[in-house]
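Take a look at the structure below.
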There are 4 protein chains.
Amino acid sequence: MIQIFVTGGTFDKEYNFVTGKLFFQDSNLPEMLDRGRCTLDLNVRTLMMVDSLEITDLDRENIANNCRGVETNQILITHGTDTMVETAEYLAQKAIAGKTIVLTGAMIPYAFGSSSDGFFNLGSALAFVQALPPGVYVAMNGRYFNWDAVQKNRSTGYFEAV
Amino acid sequence: MIQIFVTGGTFDKEYNFVTGKLFFQDSNLPEMLDRGRCTLDLNVRTLMMVDSLEITDLDRENIANNCRGVETNQILITHGTDTMVETAEYLAQKAIAGKTIVLTGAMIPYAFGSSSDGFFNLGSALAFVQALPPGVYVAMNGRYFNWDAVQKNRSTGYFEAV
Amino acid sequence: MIQIFVTGGTFDKEYNFVTGKLFFQDSNLPEMLDRGRCTLDLNVRTLMMVDSLEITDLDRENIANNCRGVETNQILITHGTDTMVETAEYLAQKAIAGKTIVLTGAMIPYAFGSSSDGFFNLGSALAFVQALPPGVYVAMNGRYFNWDAVQKNRSTGYFEAV
Amino acid sequence: MIQIFVTGGTFDKEYNFVTGKLFFQDSNLPEMLDRGRCTLDLNVRTLMMVDSLEITDLDRENIANNCRGVETNQILITHGTDTMVETAEYLAQKAIAGKTIVLTGAMIPYAFGSSSDGFFNLGSALAFVQALPPGVYVAMNGRYFNWDAVQKNRSTGYFEAV
């Protein structure tokens, strides 16, 4: 069984046509898994719905506790890209032994249709969580990075090995 | 480096608005990799553009030769779903030692927009080809299957372990 | 009040992922009107769901009867493009006096997403049915044509004045 | 010939994946007209690319001058919805006699794909500009409104007759 924890981020942002602002509603994950015709044994739980710039260490402790609390060793976390690396680092240092934890997100909201990278990233992250050995990883741009060897380039929006 | 071989299949079918029939034009892969913001080192080569019901053992020998001929050990093949398992079996029996070969496709053409599973499957297959040990695999429905342990259920359209 | 009669055509074709064939399910019109945020007073009724190459004069008599039978003078008909002009001619000759009847359709199914012309054509046809004087018209390619001054160019797929 | 003046608005907003903000790039109109398979004789000119909350009376005078300056009597203006009615009123009071001027826009950016009303509104507005008598109109929600008989309901986002 694979556990998916939803934390928000661009991945799940929607457009409010009255205010013209981006906001969070329900996660797009169930629809995406359905469209992907996914037959994996999955459990999806929303932990929070926030912009990753607003994620605090208290939130990260909450995520870590949830990772520890589930029986499965395969965990996928959807997360905003701005602080995805910080959360990966936090989880790695909490020494959640024996679990494969993959964080992914999107640069363009899934709700924005044919320009979004989210659906591709979800397929990629679900595969990595099944096939990689225990550890904490970031899956973006078709690649996976160990938590301590990645940074987001804030001017290009791409993740890079460091 | 990852080698991608394109063979056609529903994945790359387009709609001809004059005849109302499905047909093949250029592969959607370059656009999909761009949209997926993919930064992997990839080489894409189209071997054929056919419905997989029309793939012969001569075609399969061509695919096998191409798999042998490239230096890389990571090979992704886009393929129609109807005979994807047969091609996987053929490649496995040709004993292409030491290479990870992943076949994927789509149930709904990528060109048909927001209902297609193709973009998800591509992300998934690219991840599996990086993370799985040498062997021949089918990647569909978010999962991977060993070539000798999978069948397509022709009434539901899902791939199943056997 | 505007009466919409649905007869099928490419406009409403769907892709069957098991057989790989196009087929008809329910009309996309309710979803399209919702997405168009349409607040017109509309009544939608499906008369048939067929490829327009299969429409017979019996079917056309059925459509004509329905046009006569409704009280409103504003009628929109979704129809396959191949025989749209024939049906327009049939309705015009049945001398349904005092009614504005607009036929429209699509060259690419609405279900095929971001390449379809259907949503644009629907907006166009709904506007023409409100603003044109009584008569029978074809609305395609952003334009309207009188029933007796139009033909479909079968090699390009565009409607032309004759 | 129909003259289209582009002024910006939600219709043409794009998503900047680096900053996460909405912004203006080139207008989507050429792509939309192509997708709509539009064969009308059109001239498209971008006058400004702004959020309609930022449109001043100086901008409106610029729009009015352009309306007067073109020879054609059929003019379509894409415009943000927030002050669309104000601009319609301004143009009406400038007494541009003998011209049919239709303003339209979108509640959801065209670039956001399958949820946007923009493509439907464009089809609708292009039809109204061909079929309505001289005057200044707002075309939204599938309907047309005279400039002096419409308001935008800011809590629902729908245009209403007053």
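The values are calculated or read from the model by the stated rules, or taken from the named source; none is laboratory data. Source: prediction; values computed, not measured. As a convention, Cβ positions derive from the backbone with ideal geometry for all residues, glycine included, and neighbour counts pool all protein chains shown. Just so you know, the surface numbers come from the protein's heavy atoms only, side chains and all, with ligands and any DNA or RNA stripped out. Shrake-Rupley method; radii C 1.70, N 1.55, O 1.52, S 1.80 Å.
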Requested in this report: Scan segment A:58-70 and give yes if some residue there is within 14 Å of another protein chain (Cβ to nearest Cβ) and either under 12 Å from the mean Cα position of the chain (by Cα) or at pLDDT 95 or above (or both), otherwise no.
Outcome: no
Requested in this report: Tell me, yes or no, whether segment B:95-105 has at least one residue that is buried (at least 24 other Cβ atoms within 10 Å of the Cβ), modelled with pLDDT of 95 or more and in a loop (DSSP other than H, G, I, E, B).
Outcome: yes
Query - Failed condition for D:M84, given (1) more than 8 Å from every other protein chain (Cβ to nearest Cβ); (2) out of contact with any Leu (no Cβ under 9 Å at 6 or more places or on another chain) - result: (2)
**Report entry** Every residue from segment D:127-136 that is crowded, with 24+ Cβ neighbours inside 10 Å and either more than 7 Å from chain C (Cβ to nearest Cβ) or of a type in the set (S, T, N, Q) (or both)
**Finding:** D:V129, D:V136
Query raised in the report: Exactly one of (1) of a type in the set (D, E, K, R); (2) out of contact with any Phe, Trp or Tyr (no Cβ under 6 Å at 6 or more places or on another chain); (3) surrounded by fewer than 19 Cβ atoms within 10 Å (Cβ to Cβ) is unmet by A:E89. Its number?
Result: (2)
Query raised in the report: Among the residues of segment B:141-148, is any at pLDDT below 95, part of a loop (DSSP other than H, G, I, E, B) and open to solvent by 40 Å² or more (accessible area, probe 1.4 Å)?
Result: no
Query raised in the report: If you check every pair at least six apart or on different chains, which have Cβ atoms under 6 Å apart with a residue in segment D:104-124 that is away from chain A (no Cβ under 12 Å) and over 16 Å from D:P30 (Cβ atoms) first and a residue that is open to solvent by less than 10 Å² (accessible area, probe 1.4 Å) and of a type in the set (F, W, Y) second?
Result: D:F120/C:F119
Query raised in the report: Counting only residues that are on the phi > 0 side of the Ramachandran plot and in contact with a strand residue (DSSP E or B) (Cβ under 7 Å, 6 or more places away or on another chain), how many does segment A:106-159 have?
Result: 2
Requested in this report: Would you tally the residues in segment D:9-44 being within 19 Å of A:A111 (Cα to Cα) and over 18 Å from the mean Cα position of the chain (by Cα)?
Outcome: 8
Query raised in the report: Out of segment C:26-42, which residues are more than 14 Å from chain D (Cβ to nearest Cβ) and either under 21 Å from B:E14 (Cβ atoms) or surrounded by 13 or more Cβ atoms within 10 Å (Cβ to Cβ) (or both)?
Result: C:S27
Requested in this report: Considering each residue of segment C:46-78, count those that are over 30 Å from A:F17 (Cβ atoms) and either open to solvent by less than 30 Å² (accessible area, probe 1.4 Å) or touching a strand residue (DSSP E or B) at 6+ places or on another chain (Cβ under 7 Å) (or both), and give that number.
Outcome: 19
Report task. Considering (1) assigned to a loop (DSSP other than H, G, I, E, B); (2) modelled with pLDDT of 95 or more, say which one A:L122 fails and leave the rest. Result -> (1)
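Could you count how many residues in segment D:1-36 are among the hydrophobic types (A, V, I, L, M, F, W, C), part of a loop (DSSP other than H, G, I, E, B) and within 20 Å of A:T81 (Cα to Cα)?
Adding up the residues that qualify gives 2.
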Query raised in the report: Out of A:F11, A:F23, which single residue is among the aromatic types (F, W, Y) and within 14 Å of chain B (Cβ to nearest Cβ)?
Result: A:F11
Query raised in the report: For segment B:30-54, which residues satisfy the criterion of being among the β-branched types (V, I, T) and in contact (Cβ under 8 Å) with a residue 24 or more places away in the chain?
Result: B:V44, B:T46, B:V50
Query raised in the report: Does any residue of segment C:116-126 turn out to be open to solvent by less than 30 Å² (accessible area, probe 1.4 Å) and more than 13 Å from the chain's Cα centre (by Cα)?
Result: yes
Report summary line: Given (1) of a type outside the set (F, W, Y); (2) at pLDDT 95 or above; (3) in a helix (DSSP H, G or I), C:G113 misses just (2)
